[in-house]
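What follows is a single structure, written as structure tokens, with notes after it.
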Amino acid sequence: MRFLLGIDVGSYSSKGVLLDETGTIVATAQRRHEMRVPGPGRAEHDAEADWWAAFCELSRALLAESGVLPETIAAIGCSGIGPCMLPVDAAGRPLRPAVLYGVDTRARQEIDELNAELGAAAIFARCGNALTTQSVGPKIRWLARHEPDVFARTHKIVTCSTYLTHRLTGCWVIDHYTASCFTPCYDLYERRWNPEMTRPICPPEWLPELAWSSDVIGTVSAAAATETGLAVGTPVVAGTVDAASEALSVGVCRPGDLMIMYGTTVFFIEVVPAAQADPRTWAGPYLFPNTWSVMGGLATSGALTQWWRSKIFDLPDTDAVFADLASAAERSPPGANGLIVLPFFSGERTPVNDPTARGMVFGLTLAHTRADLYRATIEGIGHAVRHNLDTFAEACRAKAVYAVGGGVQNAMWMQAVSDIGGVSQRVRRHTTGAALGSAFLAGIGVGLMARDDVDRINPVVRTVVPQAFNKAVYDRDHAIYLDLYTQTKGYMRALWEGSTAQT
């Protein structure tokens, strides 16, 4: 029997899974870590402590729990939080903490600068994406301006999956899907790095080599084997961003398949028949040659529920606490007794792409309770999901929607999204998520699995359907939700400008 190892590094925890060659899960493991927030609009990870240490701990834990011999592992797949901006030196050592994906909004000035220098229209024409807080290019420019000593010592700019596969194999490789988030450095239509738009930001040779996610890019080195407990020479595939790996884990492979990932943020991936560029969303190749995707993401969701729990409610971080909050929120009626939340607590990504957006709780009275606040927050996230799904549908209406991630266990959250968005969500048996998708990628890479094996290995076990009796209240609230942002975004920007002037 041969086995497949998949490990994923997320925002607040890392997970691992070990599959046998039939697709049966033989072991799982999890390790918690922190997302550091060193200031407003900033989010970072320590690549050594949060990424590589997690990988090593999980690989050893999975081998110990399962009793599987390292030499029987046929291939390894990695996925990770992304896209990130991590500068490393010539020895591969991180030069600073990794700047995270769109939740980190520090490069707003650099977005404006690059749009002026390169031309916003020219960037969109070549990249298929506008510059947003999700884009890595402006964050590299931020590094050059604010930390010139670090910039001068930089050898490569990498993201999480690239760092992990380098530690395993010594190769610097990035998959096409992740590379498409390095706007303006990646040419969507040529599927290559664009040196003309990269040079004003950094030397083009700082960017890793390109590969497809299931390509075998190297094997485990002797040094990595010592740290991880894995066998020297084990094949390693390129891997990808956590969200794309999560999409694969629930079978999002065919045009019209769409994933809603419930996690620290909500992320969307829809497979489409051809490249489709829209400035409100993100476009990129998918995981395999001749496949395409449209993507979107909120800046906060699970992170927002964590914020209420820790900063406002002052409750401990336990599963029981979140279960109690969800139970209380279910006792608040749909519409949360007249409360609407704009969940823009760290700016917002798609479809508004506004780093200056701010959170709002609208309609408060002395009669409102903690349960109302928590329900309104869940519903606010649901309205943001609907805004994205409606935007996606303008180009390609989804045929099948699959839900995955930790939030799938929250029945109220799932139902609120279905009711507000008017969408049925299919849930598969395993919601292990990106680690499972990474193991699938490894299996595809060495020929042990095919893409459609997911339907056999991880079948749909339930479907969450919209409840029609909630439609009227949610349609009313959604119109208010959209108008609240439209009417107040100027004030939000003024508050942001005032706060940045003080710092």
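Taken together, the values in this text are just the output of simple stated rules run on the coordinates, not laboratory data. This one's a predicted model, so the numbers in the text were calculated from it and none came from an experiment. Virtual Cβ from ideal backbone geometry, glycine too; neighbours counted across all protein chains shown.
Within segment 3-244, DSSP assigns beta bridges of which about 70% are antiparallel (rounded to the nearest 5).
Pairs of Lys residues in the chain are counted when their Cα atoms are under 30 angstrom apart and they lie 8 or more places apart or on different chains; the count is 10.
Could you tell me the relative contact order of segment 3-244? Use alpha-carbon pairs under 8 Å, at least six residues apart, and round to a whole percent. Don't skip to the answer; put the middle values down first.
Details: 538 pairs, mean separation 52.1, N = 242.
Contact order relative to length: 22 percent.
Remark: relative contact order (the chain) = 16 percent; criterion is Cα-Cα distance under 8 angstrom and separation of 6 or more residues. The separation of segment 313-336 from segment 119-159, counted between C-alpha centres, amounts to 39 Å. Near the amide H of TYR186, within less than 5 Å, lie the amide hydrogens of ASN194, all on another chain or at least 5 residues away, with H placed in the peptide plane.
In a reduced charge model with +1 at each Lys and Arg Cβ and -1 at each Asp and Glu Cβ, the chain shows a dipole moment near 460 debye about its Cα centre.
Whole-Hz Karplus values for segment 189-197 come out as 7, 8, 6, 7, 5, 10, x, 5, 8 Hz, taken residue by residue from phi with 6.51 cos²θ - 1.76 cosθ + 1.60 and θ = phi - 60°; glycine and proline positions read x.
Remark: segment 210-217, residue by residue, has Karplus-estimated 3J(HN,Hα) of 8, 8, 8, 4, 9, 5, 6, 10 Hz, where x stands for each Gly or Pro and the curve is 6.51 cos²θ - 1.76 cosθ + 1.60 at θ = phi - 60°. Distances between placed amide hydrogens fall under 5 Å for PHE344 paired with GLY359, MET360, all partners being 5 or more residues away or on another chain.
Per the Kirkwood treatment, what hydrodynamic radius in Å, one decimal, follows for segment 3-244 from the mean inverse distance over all distinct Cα pairs? Please list the in-between numbers first.
Values: mean 1/r = 0.0551 Å⁻¹.
Hydrodynamic radius (Kirkwood, Cα pairs) of segment 3-244 is 18.1 Å.
Of all beta bridges that DSSP places with both ends in the chain, some 70 percent have antiparallel geometry. Among ILE444, ILE480, sorting on how many other beta-carbon atoms sit within 10 Å of each Cβ, with the fewest leading, yields ILE480, ILE444.
Please say if the chain is rounded, prolate or oblate, where rounded means a/c under 1.5 for a ≥ b ≥ c the square roots of the C-alpha gyration tensor eigenvalues, and otherwise the choice is prolate for a/b larger than b/c and oblate otherwise?
Numbers: a/c = 1.56, a/b = 1.20, b/c = 1.30.
It comes out oblate by the Cα gyration axes.
Averaging the Cα positions of each part gives two centres, and for segment 437-484 and segment 206-231 these lie 30 Å apart. When both bridge partners sit in segment 174-317, DSSP labels roughly 90% of those beta bridges antiparallel.
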